[in-house]
Amino acid sequence: FRAAWKEAGHKREPRVSVSRSIFALVDDRDRAYFGGSDSQDHFGYIEADTRAVFGRTYAAEPDVLIEQLKQDDAITEADTLLLTVPNQLGVDYCAHAIEAILKHVAPALGWR
């Protein structure tokens, strides 16, 4: 993308964002909700004729998760990572899920 951007003659640097569902399994609640997640990309349609790729869900113990995320080229090349959080699990759980990433994963990957 960045090479094509430059070849198209754009003068400024592009920004790239990636969205992923990422869950650090740090307690029994996390394991119950996401321990058996299917970790593959899924394909679907956002409109009748617009096919989309929905990235895999990452769910693992923090040390395993860190190594998996290092292998995702889209994440390592992105300027911004958007975390997809399942709001139907409630505010308290969403805060817990985000805090687990901030505390157990982000520092090891140099995220800020």
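Judged by the mean number of other Cβ atoms found within 10 Å, the most tightly packed of the peptides 101-112, 81-92, 7-18 leads the ranking 101-112, 81-92, 7-18.
Given an 8 Å cut-off on Cα distances and at least 6 residues of separation, report the relative contact order of segment 13-109 as a percent. Don't jump to the answer; show the numbers that get you there.
On the way: 127 pairs, mean separation 36.5, N = 97.
It comes to 38 percent, rounded to a whole number.
Roll a 1.4 angstrom probe over the protein heavy atoms and tell me the percent of accessible area of the chain that is carbon or sulfur. Before the final figure, lay out each step's value.
Working: 3850 of 7730 Å².
C and S atoms contribute 50 percent here.
Can you tell me how much longer the chain between residue 84 and residue 32 gets when fully stretched, taken as 0.36 nm per residue apart minus their C-alpha distance, in nm with one decimal?
On the way: separation 52, 0.36 × 52 = 18.72 nm, distance 1.80 nm.
So the extension gain works out to 16.9 nm.
Volume per residue of the convex hull around the Cα atoms, evaluated for the chain, comes out as 138 Å³. Each of residue 4 and residue 102 was given a label point 7 Å from its Cα along the Cα-to-Cβ line. The distance between the two points is 3.5 nm.
The values are calculated or read from the model by the stated rules, or taken from the named source; none is laboratory data. What you see is a predicted model; the values in this text were computed from it and never measured. For neighbour counting, all protein chains shown are included, and Cβ atoms are generated from backbone atoms with ideal geometry for every residue, glycine included. When the accessible area is computed, the model is the full protein with side chains, heavy atoms only, and any ligands, DNA or RNA have been set aside. Shrake-Rupley method; radii C 1.70, N 1.55, O 1.52, S 1.80 Å.
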